[in-house]
Amino acid sequence: MDIDKVEIAREAPAPVSPAGTTMAGRRRFNPFTALGPGLITGAADEDPGGIATHSQAGAQFGLGMLWTAFATYPFMAAFQSVCGRIGRVTGRGLAANIGRAFPRWVVLSVVGLLLLANVLNIAADVAAMGEAAQLVFGGNRHVFTLGLAVFSLLLQVFVPYHRYVGFLKWMTLALFSYVAVAFATHIPWTEVVAQTLAPQIKLDLATATVVVAVFGTTISPYLFFWQAAEEVEDVALRPDEHPLTEHPEEAEYELKRIGWDTYLGMAYGNGIGFFVMLATAATLHSAGITQIDTASQAAMALRPLAGDLAFMLFALGIIATGLLAVPVLAASAAYALSEAMGWKASLESRFSEAHGFYGVIGVAILAGVILDYSPLDPIRALFWSAVINGVIAVPLMAVIMLVATRRSIMGAFTATPVQRIVGWAAVAIMAAASGVMFAQMAGAF
């Protein structure tokens with residue numbers, strides 16, 4: 001990827017082996033094995049919150065919001081590549097690096113915002129999973145919620161990272177269910193292309209709110225911390241890999257891998273979001289259903305419109321994507337707080353070695369389960385948590401960009417000029433979208 005190429009003039013010459021081959025040159029790039037943190041991050045982005053937000057966008061605006069899947073992609077991909085770069089270059093997570101550049105109160109404020117957003121997301125996600133399971137299997141949704149939450153927690157605590165990450169990679173395939181839902185319905189493809197390439201955008205409260213929600217569910221704080229942390233996990237797990245500040249000869253391969261992994265992973269996640277909007281636009285919106293109040297309503301509405309298959313795929317997709325996203329949400333919060341507090345943070349560690357880290361994961365998931373017993377409307381909570389994400393992401397993104405451009409932290413591998421331009425543009429767009437939403441709200445009152 002051009003955006004992650006390393007300027008030769010900025011690097012030290014790579015060490016040469018006796019055979020005359022550079023250490024970096026001995027590693028052949030394999031596009032399949034190169035997929036990892038970026039793919040999982042992109043797929044986890046389309047969690048039950050993302051599904052709910054894109055479903056609401058499709059139901060409310062029809063094909064009129066399809067453009068957002070393409071508009072968010074370059075900003076999401078560039079920003080996530082910056083986060084992955086920070087982790088691989090320094091061998092430390094985002095919170096640890098923020099602590100090297102800013103006062104402790106800044107670190108704690110950033111981590112506090114992340115914890116708030118993640119607990120809200122976990123609560124809404126597990127509630128939506130329980131409700132979807134009830135639709136498919138019958139029974140009590142609270143029992144399903146508790147069971148799925150405990151299952152997710154046990155996997156994180158007792159399965160080592162090098163095995164657990166394989167499970168997460170396979171779980172990314174579950175998102176194809178939403179492609180199948182779209183193709184199980186009648187799609188006016190000519191109109192789809194026209195609305196996607198030449199959308200008619202209105203600057204009103206409803207539009208601004210949904211746009212902020214879509215940006216918020218796409219460019220989410222927990223994804224920043226997760227991808228950087230997984231790069232750190234991979235460095236610690238593999239003896240032949242090191243932080244690039246210590247072994248710059250590995251940079252050519254590693255930055256190429258991060259670019260490929262991240263840009264493909266984000267394209268996958270955004271593509272699924274596109275198909276979720278397309279499916280609900282072609283069914284719910286076309287049938288006059290423009291407001292989604294519960295997960296059960298969204299899935300059940302598909303049954304008479306698109307058949308049992310579409311209904312089943314939609315409901316099972318919520319469960320599967322929740323099983324992928326909840327661990328990412330909980331672990332990203334645990335990585336951030338543990339780094340800020342100086343605790344050991346690794347999914348490869350045993351519980352006795354990192355009890356603080358696993359304690360945060362447990363408390364975050366437990367808080368989500370407790371909120372499930374409150375009068376929480378899962379799909380509306382998911383939608384508004386995405387709006388909150390869109391607002392609080394702005395200060396987080398600004399801090400991350402400042403870290404990525406500091407030579408005292410990144411050495412010769414600071415963010416590339418293109419990453420700086422697109423990254424700061426993402427910060428500005430998120431800030432502007434939030435400003436428009438609040439201005440419209442103020443005008444409404």
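The values are calculated or read from the model by the stated rules, or taken from the named source; none is laboratory data. On a predicted model such as this, the values are computed, not experimentally measured, just so you know. Note that we place each Cβ from the backbone using ideal geometry, even for glycine, and neighbour counts take in every protein chain shown. Keep in mind that these areas ignore ligands, DNA and RNA; they rest on the heavy atoms of the full protein, side chains included. Shrake-Rupley method; radii C 1.70, N 1.55, O 1.52, S 1.80 Å.
Per this entry, G20 is not counted among residues that are in contact with a Leu (Cβ under 7 Å, 6 or more places away or on another chain) and either under 20 Å from D261 (Cβ atoms) or modelled with pLDDT under 90 (or both).
So for segment 255-263 (the condition being within 20 Å of M171 (Cβ to Cβ) and of a type outside the set (A, V, I, L, M)), does at least one residue qualify? Let's see the steps before the verdict.
Taking segment 255-263 and keeping what is within 20 Å of M171 (Cβ to Cβ), we get 261-262.
This time we only want the ones that are of a type outside the set (A, V, I, L, M), so: 261-262.
Checked segment 255-263: at least one residue is within 20 Å of M171 (Cβ to Cβ) and of a type outside the set (A, V, I, L, M).
Checked against (1) within 15 Å of the chain's Cα centre (by Cα); (2) crowded, with 23+ Cβ neighbours inside 10 Å, P74 passes all but a single condition, namely (2).
When the criteria are applied in full, A267 fails the requirement of being open to solvent by 30 Å² or more (accessible area, probe 1.4 Å), more than 23 Å from A71 (Cβ to Cβ) and aliphatic (A, V, I, L, M). A count restricted to segment 142-178 and to residues that are under 30 Å from L66 (Cβ atoms) and over 19 Å from the mean Cα position of the chain (by Cα) stands at 0.
Only helices (runs of 4 or more DSSP H) wholly contained in segment 96-182 count here; list those with 1 or more residues that are open to solvent by less than 60 Å² (accessible area, probe 1.4 Å) and in contact with a His (Cβ under 7 Å, 6 or more places away or on another chain). Even if it seems obvious, please write down each step before you answer.
Working: elements: 104-137, 141-158, 161-171.
In segment 96-182, 104-137 are the helices (runs of 4 or more DSSP H) which contain 1 or more residues that are open to solvent by less than 60 Å² (accessible area, probe 1.4 Å) and in contact with a His (Cβ under 7 Å, 6 or more places away or on another chain).
Residues are listed down the side, and each one gets a yes or a no for (1) open to solvent by 10 Å² or more (accessible area, probe 1.4 Å); (2) more than 25 Å from the chain's Cα centre (by Cα); (3) touching a residue at least 24 places away in the same chain (Cβ under 8 Å):
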| site | (1), (2), (3) |
| --- | --- |
| T218 | no, no, yes |
| Y222 | no, no, yes |
| F225 | no, no, yes |
| A228 | no, no, yes |
| E231 | no, no, yes |
| V235 | yes, no, yes |
| R238 | yes, no, no |
| P243 | yes, no, yes |
| E249 | yes, yes, yes |
